[in-house]
Every structure is written in structure tokens, then in C-alpha cells.
Amino acid sequence: MNLRNIELVTPAGSRACLTFSYRTPRRPAPGLPGLDVQPARWIHTTDATSTAALVAHYGDGLADVIIEGDPDIAIDSVGCPVVGATQTWLDGDGSASPFPLQVCDVRFDAAGAEVGRREPRDERGNIQAGVFMTAGRMSLAEMVSGYVVSKTLQVLAEDAAGHAWCHALARRLSDARAVTLCTAAAGEPLVLQTGGRPYRGYLEGRVDGERWKLLLHLSAQELRTPEGW
């Protein structure tokens, strides 16, 4: 579990020095216990046996040809290990691109249509000055149904004063069944570290007697229903 220090600031200006934790999920190791597993890549198909090549060659009779034989399987190549391969980027027509790859950010609307592109920006971490709670709130149900939560951080108290402060805050949010919007300074989206993604932050509180939990949900994608649905 990784811990980082933050300063949580309320709309009234009160501050609390806290930490937040985020867990990296453990991925199961491939293979079987006691056996050494080595990654490998195998040839699945070739240019001559690709779907596009078969359709161009056989046309409407492709289905009958596949039933009678296996033109989509290159017997001399399929299943052979890939050794010494170099990644090559292809143009839309399938030919190797002679130009270097240029990465860009692509934006889509609710229907999935592209609406714009831009060069990637090197976002700088901006939570050093604190994570600021705003006066804006929304119901927990609205947040869950309206936004994609990419990750969730748990806010932790460092001392008794922080525990009491967080317990009272979690109680207010829990009783209201609401989350409060959190931003960086000047209302900017939260960027946890340089090179990271900007997120909207939604602080949720849970209380069980003297036990409390503050969760900062981070979202970079809004759920919208396309027009006409």
C-alpha cells in the first residue's frame, strides 16, 4: 500500500493534513504452481490468409470455400513462434507507414463520433497546495450513474485531531447521502503526479459508530446518453 501526504481544505477554509492510500491490485501469476512460465508469441494468420485477402480473392463464394477446406489457415506458418520481430505501424490501406508515429489525444461525443484532436499535454501534479472541497454536492446515486470512476483513494488521519475532523466530515456526507466535488487550486482538475491524467474528484463519507471512511473517487469520463435514445 502506497501512502502520500495531502492537505484537505473545506469551503470554509479549515485545513487538515492527511494521507491518502491507493492499492495496486495483485494480478495472479500465469501458469501453474511450481512451473516456470515464459511468455511467447505465435503466428495466428498471414497477409495471404487474412479476412480482407480472402474476401478479395473468393468474393461471395468465400463461405463455401471455408466449409470445403481451410483457406484461412496457413499450414506452414500458423503456430510457429515469433522470433526477432519488429513492430511496424500500418496506414489505412495496410501498407507500412514511412512516417514516424505521432501520438495525439482524440475526443469523442456521447455517440462515439470524433469531435477533435490535440497534442498530448504534459500535465503537472497540482495537489501540493492541497485538495479543495467545493460547496457543490451531488447525490451518491447521481455520481455513480453519471461518471466513470477510474480509481478510488482512501483518506487517512495521522493523529487524534485529524481522526475527529475526518469523522465529523464523513458523518455529514454520509447523512446527506451525497458526495462533494474536490478540485486543485483555482478550481483545476486534480493531477496527482506530473504526467498523470486530470481527474474530477468526488469525496464520499461512510460512518459506522466511531469508525469512518473517506473515499476520494476520481473520474475522467462522464456518462451521457446519445441524443435520440
Taking segment 138-151, which residues are outside any helix (DSSP H, G or I) and surrounded by fewer than 14 Cβ atoms within 10 Å (Cβ to Cβ)? Ser139, Val148, Ser150
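For residues that are β-branched (Val, Ile, Thr) and either in contact with a Phe, Trp or Tyr (Cβ under 7 Å, 6 or more places away or on another chain) or touching a residue at least 12 places away in the same chain (Cβ under 8 Å) (or both), scanning just segment 75-91, find the one that is surrounded by the fewest Cβ atoms within 10 Å (Cβ to Cβ).
Across segment 75-91, the extreme among qualifying residues is Val82.
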Taking the condition of being of a type in the set (Gly, Ala, Ser), assigned to a strand (DSSP E or B) and surrounded by fewer than 21 Cβ atoms within 10 Å (Cβ to Cβ), how many residues in segment 178-229 meet it? 3
Criterion: at pLDDT 85 or above and under 30 Å from Val103 (Cα atoms) - qualifying residue of Ile43, Ile67, Ile75: Ile43
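Would you tally the residues in segment 14-45 being among the hydroxyl-bearing types (Ser, Thr, Tyr) and surrounded by 14 or more Cβ atoms within 10 Å (Cβ to Cβ)?
Going through segment 14-45, the residues among the hydroxyl-bearing types (Ser, Thr, Tyr) turn out to be 14, 19, 21-22, 24, 45.
Narrowing further to those that are surrounded by 14 or more Cβ atoms within 10 Å (Cβ to Cβ): 19, 22, 45.
Residues flagged as among the hydroxyl-bearing types (Ser, Thr, Tyr) and surrounded by 14 or more Cβ atoms within 10 Å (Cβ to Cβ) within segment 14-45 amount to 3.
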Would you be able to tell me the number of residues in segment 124-137 that are crowded, with 16+ Cβ neighbours inside 10 Å and not in a strand (DSSP E or B)? 3
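Scan segment 1-13 and tell me whether some residue there is in contact with an Asp or Glu (Cβ under 9 Å, 6 or more places away or on another chain) and at pLDDT below 85. Before you say what the answer is, go through the steps one by one.
Let us first name the residues in segment 1-13 that are in contact with an Asp or Glu (Cβ under 9 Å, 6 or more places away or on another chain), namely 5.
Add one more test, that the residue is at pLDDT below 85, and what stays is 5.
Scanning segment 1-13, I find at least one residue that is in contact with an Asp or Glu (Cβ under 9 Å, 6 or more places away or on another chain) and at pLDDT below 85, so the answer is yes.
The values are calculated or read from the model by the stated rules, or taken from the named source; none is laboratory data. Since the structure is predicted, the reported quantities are computational estimates derived from the model, not experimental observations. No Cβ is skipped: glycine too gets one built from the backbone with ideal geometry, and neighbour counts run over all protein chains shown.
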